Amino acid sequence: MGTARGSPVRREHRRFGTSGFTGVVNQVADIEKSLGIYNLSQFTPRV
């Protein structure tokens, strides 16, 4: 085990860009909002 592959943060930024995983999550949320599927309660059946 070493740092040959870089730090976890460095790998995250290399994989997901400078905003990292949080940035990708925000992009997905924006897409969901634009498609009108952001509010999951509208798809959850009431028991």
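The values are calculated or read from the model by the stated rules, or taken from the named source; none is laboratory data. Predicted model only: the values in this text are computed from it and were never measured. Neighbour counts are summed over all protein chains in view; Cβ atoms, including those assigned to glycine, are modelled from backbone coordinates with ideal geometry.
Figure legend. Inter-residue proximity from the range 1-25: first residues at negative phi and at pLDDT 90 or above, second residues assigned to a helix (DSSP H, G or I) and of a type in the set (A, V, I, L, M), beta-carbon distance below 6 Å, spacing 6+ or different chains. Indicated pairs: F16/V24. Just so you know, in the range 29-47 the residues that are surrounded by 10 or more Cβ atoms within 10 Å (Cβ to Cβ) and not in a loop (DSSP other than H, G, I, E, B) include one that is nearest to the chain's Cα centre (by Cα), and it is A29. Residues that are loosely packed, with under 11 Cβ neighbours inside 10 Å, of a type in the set (S, T, Y) and in a helix (DSSP H, G or I): does the range 3-17 have at least one? Within the range 3-17 (the criterion being loosely packed, with under 11 Cβ neighbours inside 10 Å, of a type in the set (S, T, Y) and in a helix (DSSP H, G or I)), the answer is no, since none of the residues qualifies.
Note on the range 18-28: among residues that are of a type in the set (S, T, Y) and in contact with a helix residue (DSSP H, G or I) (Cβ under 9 Å, 6 or more places away or on another chain), the one that is surrounded by the fewest Cβ atoms within 10 Å (Cβ to Cβ) is T22.
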